[in-house]
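Following: one structure in structure tokens, then a few remarks.
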Amino acid sequence: MPWQTPIVVHPPAPDGGRRVTVRGGDAGVARSDRELVALLCRAGLGEADVALDDPHLVEWRGGRHGWTAPGD
């Protein structure tokens, strides 16, 4: 497994964005799967290396895999 520490997608903020950390470092804020994959690619992972529903790679805090639109 290429990562020692999982990717963490933190609980949704009021605007629907979710802070993302990779190996404990801040990777940015994502508001969709597409944005999350882009952040992970910038952090050095290839798109094919990430299964967003794989609990060994991605920990979804504050809820399951998903996004909240503002006002939801």
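One table, with the values for the structure above:
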{"item": "Residues within region 1-41 that are open to solvent by 80 Å² or more (accessible area, probe 1.4 Å) and either part of a loop (DSSP other than H, G, I, E, B) or in contact (Cβ under 8 Å) with a residue 40 or more places away in the chain (or both), tallied", "result": "6"}
{"item": "Neighbours by Cβ (under 6 Å, 6+ apart or cross-chain): first from region 47-66, free of Cβ contacts under 8 Å to residues at least 12 places away in the same chain; second open to solvent by less than 40 Å² (accessible area, probe 1.4 Å)", "result": "Glu47/Val37"}
{"item": "Tally, over region 42-72, of residues that are open to solvent by 40 Å² or more (accessible area, probe 1.4 Å), more than 16 Å from Pro6 (Cβ to Cβ) and under 11 Å from the mean Cα position of the chain (by Cα)", "result": "1"}
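The values are calculated or read from the model by the stated rules, or taken from the named source; none is laboratory data. It should be emphasised that the depicted structure is a prediction, and the values quoted were computed from it without experimental measurement. With ideal geometry, Cβ positions are generated from the backbone for all residues, glycine too; neighbour counts draw on all protein chains shown. Remember, those area values only see protein heavy atoms, side chains included, never the ligands or the DNA or RNA. Shrake-Rupley method; radii C 1.70, N 1.55, O 1.52, S 1.80 Å.
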